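Written below as structure tokens is the structure these notes are about.
The values are calculated or read from the model by the stated rules, or taken from the named source; none is laboratory data. Because the structure is predicted, anything quoted here is derived from the model rather than measured. We place every Cβ from the backbone using ideal geometry, glycine too, and count neighbours over all the protein chains shown. We work out accessible area using only protein heavy atoms, side chains counted, and drop any ligands, DNA or RNA first. Shrake-Rupley method; radii C 1.70, N 1.55, O 1.52, S 1.80 Å.
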Amino acid sequence: MTTLGEKGLTVTLPEGAAYFNYYWLRDNCPASFNATTRERTFDIFHLDAPPRAAAARVAGDALVIDWAGEDHVTTLPLATLSAYAAGKRRADPADLPRRAWYGDHYPDVARFTQAELLSDKAKVRAWLEALIVEGISVVTEMPDTDAALTDLVHVMGQVRPTFFGDYFDVRTHINPTNTAYTAAALELHTDTPAEEHAPGVQFLHMRANSVEGGRNLFGDGVAAANDFRQIDPEGFRLLSETDIPFYCEHDDYDMRSYQRVIELDQHGEVSGLTISQHMLDLIDLPQAVLDDYYPAFCRFGKLLQSDRYIMRFTLKAGECIVFDNHRIVHGRAAYSATSGDRYLRGCYADRAEMRSTYRALVAEGRFRG
């Protein structure tokens, strides 16, 4: 049963009666899309008058609409109408619940060899799912070449440049421009917070590691922030609603941004962190606001550094740790630069590409099937 109105129509679906706007119905006619390019080819801006149905009926499993003033008929599957009747976001197979983990998680971190990720789509799907759900994985048996890292990134997407360049080499530098390029301890942080949109996935390929010290430190920001939400609701609110400044400055760049320490997704759940003590700018909030903000910031920072959350391990030569740069905090202990060789090559990709590749592997999409 269908009932025509001035701005839309009501149709009886298996779930009950549902209303649909005429613009939406006309714009999303299956004939509006090119099945080869998978893009909309109809331009609703070119209509001479607002779309209006002259007649509509249910025929089998579809709604058929004859449009007034147009020589055009729309046939829309009832299943499509059911999916959009409630005005909710389109279902996303990559919108998976995150699984928090703690300091004892290292033996259970998802592991894959580079060879299987280059050859087995099922392994790629499992790898990307681990990164979406837990935010971290280790890829083993990586060749000692620059190309190996690029090849791995291309399984997910493209190398995402930052103002440091396409790749970065972490070893002791004579005149370092970053704390990572020294043998000093590196506090827990997320990378490049001074960028307006920091890269989402980080790759760290350990090429050589024979030094004394330098243990890797990794923690799940989701686990810590979820606990902080329960322990300190007001502090959590301040850190998830207040933008603070980050910077990265040297002779030929001056990068600045404002970020929230705790990031929330569209469901209001913790999606990650932006935090870095060595790239935190002078916070330019009103001093009276800092009376509450700074104590909350420090309470969370101390919580984040506790043994409950931090894995401590040594990444071996030939291993590449891949992780969500908006969720996983990482750092390292100090090491002796003269005790051996430590060389790590890194780069980034975007979370959007990671999710895109995952969707392509698990879902039929709008035009496939």
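Taking the protein heavy atoms of the chain in the context of the full set of protein chains, the accessible area attributed to carbon and sulfur is 50 percent at 1.4 Å.
Charge dipole (Cα centre; +1 on Lys/Arg Cβ, -1 on Asp/Glu Cβ; no other charges) of the chain amounts to roughly 960 debye.
When its C-alpha radius of gyration is set against 2.2 N^0.38 Å (N residues), the stretch 116-169 gives a value of 1.21. Note on D252 and L290: with the Förster distance fixed at 51 Å, the Cβ-Cβ geometry gives a FRET efficiency of about 0.95. In this simple spin-label model, placing a label point 7 Å from the Cα along the Cα-to-Cβ direction at both L4 and A317 gives a separation of 7.8 nm. Estimated purely from DSSP H runs of n ≥ 4, each contributing -39500 (n - 2.57), the mean residue ellipticity at 222 nm for the chain is -7500 deg cm²/dmol once divided by its residues.
I want to check the label-to-label distance for A360 and E141. Put each point 7 Å from Cα in the C-beta direction and report it in nm to one decimal. The modelled label-to-label distance comes out at 2.5 nm. For the chain, the longest principal axis of the Cα atoms and the long axis of helix 287-304 meet at an angle of about 80 degrees. Our analysis of the stretch 256-321 gives Rg over Rh at 1.06, with the two radii drawn from alpha carbon positions and Rh computed by the Kirkwood formula.
Modelled spin labels at A54 and R215, positioned 7 Å past Cα toward Cβ, are 7.8 nm from each other.
From the alpha carbon centroid of the stretch 1-76 to that of the stretch 248-268 is 43 Å. As a calculated quantity, the FRET efficiency between A68 and D92 at R0 = 25 Å, using C-beta atoms, amounts to about 0.10.
The calculated FRET efficiency for Y106 paired with R38, based on their beta-carbon distance and R0 = 35 Å, is about 0.25. Legend: translational diffusion of the chain by Stokes-Einstein, Rh = Kirkwood radius over C-alpha pairs, 10 °C, 1.306 mPa s; D = 67 µm²/s. Helix 221-231 and the longest principal axis of the Cα set of the chain meet at an angle near 80°. What angle do you read, to the nearest 10 degrees and between 0 and 90, between the alpha-carbon axis of helix 121-133 and the longest principal axis of the chain? That works out to roughly 80 degrees.
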